[in-house]
Amino acid sequence: MEEQVLNLIMYTVPSIITGLIAFYFFKEHTKNEDGRRRFY
């Protein structure tokens with residue numbers, strides 16, 4: 001039982017970190033695109 005929980009944590013934590021990084025980059029990219037549109 002403990003090993004299953006440990007495996008779950010080992011798979012979940014990197015995916016959460018990757019998801020947060022992807023979300024952050026996506027948010028920054030859309031903000032940048034909105035800023036670019038204002039100049040033209």
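The values are calculated or read from the model by the stated rules, or taken from the named source; none is laboratory data. No experiment lies behind these values; they were computed from the predicted model shown. Here the Cβ is made from the backbone with ideal geometry for all residues, glycine too, and neighbour counts use every protein chain on show.
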* If you scan the stretch 12-40, which residues turn out to be surrounded by 10 or more Cβ atoms within 10 Å (Cβ to Cβ), modelled with pLDDT of 90 or more and hydroxyl-bearing (Ser, Thr, Tyr)? -> Thr12, Thr18, Tyr24
* Asked: Among Thr30, Thr18, Thr12, which is the only one that is part of a helix (DSSP H, G or I), within 8 Å of the chain's Cα centre (by Cα) and polar (S, T, N, Q)?
  -> Thr18
